[in-house]
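First the structure, in the form of structure tokens, and then the observations on it.
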């Protein structure tokens, strides 16, 4: 049974631990918003496009059809990773319900964690495992997507970092399971 003093102590500890993170989030947000420049608006909007899902699905279709015998397995692995990544992200969004830095507050589209960052990291992991020489470029692209979310004032730094951790963590677990089952493609140079 939880006592009121015990619950209060746990709440106080949680607030004390989150306070430095929130201060860092606010500092980064303020710094990035003050540094916004007209020349960067269009590229950042493209990196954060709401059509990303369509682009990803089209890209995975190209991977499946045009990259040789391992193409379908690579596309299946990417989809197998993206499904649980999105389930976890959406569960956190619903449970945490953090307002976005721009002030928007909707439980189903809350700020924490960043699904763009989680998906970009998961895809960079899967595709980077398949095509190792492309991995640095894929991670650079994933980083651009993640940063664009902060730049466009849609996420805080902690939202993006946790999104990346979810994408990489779940991606690694699913890929390990797929490899053990013999369903993941072998990596190429």
**OP:** Normalising by the residue count of segment 117-176, find the relative contact order in percent from Cα pairs under 8 Å and 6+ residues apart.
**Re:** 50 percent
Subject >> Alpha-carbon centroid distance for the pair segment 58-73 / segment 94-158, whole angstrom >> reply: 24 Å
Original post:
Ranked by Cβ crowding within 10 angstrom, fewest neighbours first, how are 164, 32, 85 ordered?
Top reply: 32, 164, 85
Original post:
In vacuo Debye scattering of segment 89-189, one point per C-alpha: log10 I(q)/I(0) at q = 0.15, 0.18, 0.23 Å⁻¹?
Top reply: -0.62, -0.80, -1.08
**OP:** Please give the helix 115-130 orientation as an angle from the longest Cα principal axis of the chain, in degrees from 0 to 90, rounded to the nearest 10.
**Re:** 30 degrees
Original post:
Among 49, 111, 19, which one shows the biggest mean-square fluctuation in a GNM of the chain, springs joining Cα atoms closer than 10 Å?
Top reply: 19
Subject >> Mean separation of Cα contacts under 8 Å, 6 or more apart, over the residue count of segment 61-144: relative contact order % >> reply: 23 percent
**OP:** Kindly provide the Kirkwood hydrodynamic radius of segment 47-98 in Å, to one decimal, from all pairs of distinct alpha carbon atoms.
**Re:** 12.4 Å
Subject >> Acute angle (nearest 10 degrees) that the helix 52-66 long axis makes with the longest principal axis of the chain, alpha-carbon atoms >> reply: 20 degrees
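Order by neighbour count: 28, 62, fewest other Cβ atoms within 10 Å first, most last.
Listing 28, 62 from fewest to most nearby Cβ atoms yields 62, 28.
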Original post:
Any idea what the relative contact order of the chain is, in percent, if you count C-alpha pairs under 8 Å spaced at least 6 apart?
Top reply: 26 percent
Original post:
When 76, 30, 37 are ordered from fewest to most other Cβ atoms inside 10 Å of their Cβ, what list results?
Top reply: 37, 30, 76
Subject >> Folded to 0 to 90 degrees: helix 4-34 orientation relative to the chain principal axis, Cα >> reply: 60 degrees
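Throughout, read-outs are computed from the coordinates displayed, never taken from laboratory work. Here the structure is a predicted model, which means the values were calculated and not measured. FYI the Cβ positions are ideal-geometry reconstructions off the backbone, even for glycines, and counts take in every protein chain you see.
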